[in-house]
Amino acid sequence: MAFKTNQDENEEKTPYTVEQQEQDDDDDDEEEVEEQVWDDWEGDDGDSDSDFICLFCDSNFDSCSSLFQHCTSVHHFDFHAVTNSLNLDFYASFKLINYIRSKVSENSCWSCGLAFQSKHDLQNHLHDVIDFNAIKPLWHDDRYLKPFMQDDSLLYNFGEFEEGEDEQTSIMDEDLVSELKYALETNSVDQDAFSDEHSNLPSSSAKELVNGKDSRVCMSLSSIDKDREEGSLMDNPHNHIATHIKKVNESYFGSYSSFGIHREMLSDKARMDAYGQAISKNPSLLNGAVVMDVGCGTGILSLFAAQAGASRVIAVEASAKMAAVASRVAKDNNLLSSKNETRVNGNQKGVVEVVHGMVEEIDKIVELQPHSVDVLLSEWMGYCLLYESMLGSVLYARDRYLKPGGAILPDTATIFVAGFGKGGTSLPFWENVCDFDMSSIGEELVTDAARYPIVDVIDHQDLVTSSTILQTFDLATMKPDEVDFTATASLEPKSSTSCCWCYGVVLWFDTGFTTRFCKETPAVLSTSPYTPKTHWSQTILTFREPIAIGTGEDNARKPETIGTEVYPAAKIDLRVSIVRSTEHRSIDISMEAAGVSSDGRRHSWPVQLISLQ
C-alpha cells in the first residue's frame, strides 16, 4: 500500500549519475575491465564498496550480512524475510532498497507511510511488517531502478546475502547488474525520477487522471532485455495498472446498477432531507443556474435542481444502466431536455441532460465550456467519508467546469472520532447465550476485528470518550492531494468514573451546505451516532487491546503501566492517517494510540494498519 501522507516539500535530490571509468593504458587489462561487474565499480571519491551504510540510520558496516542483521535487530526490517515472503526477484529487491532510502530521506515509514518530524522519531516508530501483500506495490514503480544514493555499495552486493544462492543465480544477477548499469549509462531511466514530492505521486508530466485520482504511469526499461533473443525483460507496468483500474471502475460502477442500493439511498431520510433542503429552499442559488450533478445515479438531485428552476442540468453517470434509468426517469417527469422542446407557460421544463461517462471524459461527449457551471452537485461520500475515492472526481469537475465563485454542494465535510466501550463490541452477546458462557468466541471476534474496519451502527451510549474533530475539508478550496491526510486527536473520558475500558474508536462524518452558498436555508447531513442512523452507518476501528481510561489518581511508576486497570490513562492520544490505497477506490488507514497520564507520561501501542476495501 503503499502508505502516503501530506508532507512539506522536500529539497530536490541530486540525480545519480554513473561515472565513466577511465580506460586502462595497458591494453592487456582491457579484457579485465570489460568483465568487471558493477560491484567492483567505484565513484569519484574512490571509497571502497566495502563500506555499507544502513538503510535507516548512519551506521556503517563492512558487509551486507552485518548490515541486514543490524536492520533486523534494531530497525525491525528483515530483508531476507521480506524478499522471500514476497518472492522478490533481483529487480524488485533492487527497487526495494532505493524505495526505502527515498522514504527514510523524507522521515517517512517505508511500510505504512507515516511522516515524522525527525529521523529519530521515525526510528522509534519503525515496526515489523504486518501485511506483506499490502506493501509489495509500494516500490513497483520502475523509477526505483534508479539508485537513490550515490555510490550505494549495498545495491551492488546485496545478492551475496541471499541464502542458498547457487552459481547459476549468481551469474544471472551479474548479468542483471550489468544490464542495469548499461540502462543508467544510456539514460534509460528518467534522471528526474526522484524530484517528485512523494513516492506515490508522479510528476505532472507522468500523470494520468483516472476518475479524479492520479494513477501511476510507470516507465518501462525498454532497452533492458533479460534475454535479447526472447524479448523484453518486463512488460510495461502501466498497461497492467490501467487495465486493473478499468476493471475496478467497471466493477464499481456496475455495483451501482443494482436498484437495491439506490432504494437504500433514496430511503435514507437524513440524506434526502439535507440535499432536498439545500437544493429546493435556496432559490437565489438555483434559479436560472447551470448545474452539474456528478454521479447522478437515478437522477434525484438533478430532478431537485430542475424543479428548483435551474436553466440547465448536466447529470453525469458512469454506469451505462443507471444513465439510461436516469434519462427515463427525467423523461417520465417531463424534465428531460429535448432539442425540439417547447416552452410551457413561458418556462422551459426539460432541462436535464444525462451524460453517460466519467466526468473526466465528458468533454468528448457533451458541449460544455470550461468554467461554465454555476452549481456543482454531488453525493460523493462513502464509508468513512473517503471510501470509493469519488471526491477526486468532484474536485476535477470543480477545477475544470465550475465558474470562479461558483457553488459546490455540499461545501464542507468533517470527520469526527470518539472512543467506544465494551458495549460497542460483540462481547456482551457472547457472555450469556441461553445462560451459557461463550465469551471465548467474543474475545476471538474482538481480536479479529482489530485487523479490519467494521461498518456498523454504534449506539451513542456505548461511547466512553468525548468526540472530537479529526479532519475538516473545505470542498471549495481544497487541493486534490489533500484528500490524503494525517491528523491527531485527544480523547478524554466521557464520564467521571474512576475507570472504563476503551476498545477502539468510531469514525463518522458530517457534510455541510453552509451559508456561503445556501444563504436562505443552510443544511447539515450528519452520520453521527447521536443522530438518526443513515445508510453510511459508522466506521469502527478496534484496538488490539483495550485501553483503560479514567479520572483516578496517577500512581503509575512505569509508563508501560499507563492504560491498565490499575493506572488508567487520563486521555488517549491518536494519530490517524487515511490515504487512497494502491487498490483503486479503496482507502488505507493507519492508527497509533497512546495512553497519557495526568502528568503527561505516555504509553504507546504499535501502529495498526487497516484497509477498507
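The values are calculated or read from the model by the stated rules, or taken from the named source; none is laboratory data. The structure displayed is predicted, hence computed values, not measured ones. Positions of Cβ are generated from backbone atoms using ideal geometry, with glycine treated the same way; all protein chains shown enter the neighbour counts. Keep in mind that these areas ignore ligands, DNA and RNA; they rest on the heavy atoms of the full protein, side chains included. Shrake-Rupley method; radii C 1.70, N 1.55, O 1.52, S 1.80 Å.
Rounded to the nearest whole Hz, the Karplus-based 3J(HN,Hα) values (6.51 cos²θ - 1.76 cosθ + 1.60, θ = phi - 60°) of segment 524-532 follow the sequence 9, 10, 10, 10, 5, x, 8, 10, x, with x at glycine and proline.
Averaged over residues, the count of other Cβ atoms within 10 Å places the peptides 288-294, 513-519 in the sequence 288-294, 513-519, highest first.
Solvent-accessible surface of segment 559-605, averaged per residue with a 1.4 angstrom probe and all protein chains in place: 35 square angstrom. Residues whose amide H falls under 5 Å from that of Asn282, counting only those 5 or more places apart or on a different chain, are absent, with hydrogens built in the peptide plane. For segment 369-500, the solvent-accessible area works out to 44 Å² per residue, with a probe of 1.4 Å and every protein chain left in place. With the whole protein complex present, Asp332 retains an accessible surface near 90 Å², based on a 1.4 Å probe. Against the criterion of solvent-accessible heavy-atom surface with a 1.4 angstrom probe, Trp536, Trp501 sort, most first, into Trp501, Trp536. When segment 423-581 is described by a simple charge dipole with +1 on each Lys and Arg Cβ and -1 on each Asp and Glu Cβ, the residue from Thr425, Ala489, Thr539 located farthest towards its positive end is Ala489.
Any chance you could run the full-extension gain for Met478 through Gln613? It's 0.36 nm times the residue separation minus the Cα-Cα distance, nm to one decimal. Provide the component values of the computation, followed by the final result.
Values: separation 135, 0.36 × 135 = 48.60 nm, distance 2.47 nm.
Full extension of this stretch gives 46.1 nm more.
Between Ala450 and His535, the modelled label-to-label distance comes to 3.5 nm, taking each label 7 Å out from Cα in the direction of the beta carbon.
Exposure check, 1.4 Å probe, all protein chains in place: Tyr383 carries approximately 80 Å² of accessible surface.
When +1 charges are put on Lys and Arg Cβ atoms and -1 charges on Asp and Glu Cβ atoms, the dipole computed for segment 352-435 relative to its Cα centre reaches about 220 debye. For the listed residue pairs Lys281/Lys321; Lys403/Lys519; Lys119/Lys479; Lys321/Lys403, the alpha carbons are over 20 angstrom apart in Lys281/Lys321; Lys119/Lys479; Lys321/Lys403. Across segment 263-272, rounded Karplus estimates of 3J(HN,Hα) from the backbone phi angles (6.51 cos²θ - 1.76 cosθ + 1.60, θ = phi - 60°) give 5, 4, 5, 5, 8, 6, 4, 4, 5, 5 Hz, Gly and Pro being marked x. Just check segment 363-402 against the gyration tensor rule for me: Cα atoms, a ≥ b ≥ c as the square roots of the eigenvalues, rounded for a/c under 1.5, and otherwise prolate or oblate depending on whether a/b exceeds b/c. Prolate is the answer for segment 363-402, as a/c is 1.5 or above and a/b outweighs b/c. The 3J(HN,Hα) values that the Karplus relation (6.51, -1.76, 1.60; θ = phi - 60°) gives for segment 413-428 are, in residue order, 8, 9, 9, 10, 9, 8, x, 10, x, 4, x, x, 10, 8, 4, x Hz. Gly and Pro appear as x.
Note on Cys499: accessible area is roughly 40 Å² with a 1.4 Å probe, heavy atoms of protein only.
The fraction of accessible area contributed by carbon and sulfur in segment 503-613 is 50 percent, rounded to a whole number (1.4 Å probe; ligands and nucleic acids excluded).
Remark: the Ile130-Val457 segment gains 114.9 nm on full extension, using 0.36 nm per residue and subtracting the alpha carbon distance. Between Ser85 and Arg516, the C-beta separation translates, for a Förster distance of 60 Å, into a calculated FRET efficiency of about 0.75. When peptides 503-509, 422-428, 116-122 are sorted by average Cβ neighbour count within 10 Å, with the highest value leading, the order is 503-509, 422-428, 116-122.
By definition, a body whose alpha carbon gyration tensor gives a ≥ b ≥ c is prolate when a/c is 1.5 or more and a/b is larger than b/c, and segment 318-451 fits this prolate description. When each of the peptides 430-436, 411-417 is scored by how many other beta carbons lie within 10 Å of its residues on average, the order from highest to lowest is 411-417, 430-436. What FRET efficiency would be calculated for the residue pair Val566, Ser338, taking the C-beta separation as r and a Förster radius of 51 Å, to the nearest 0.05? According to the calculation, E is roughly 0.10.
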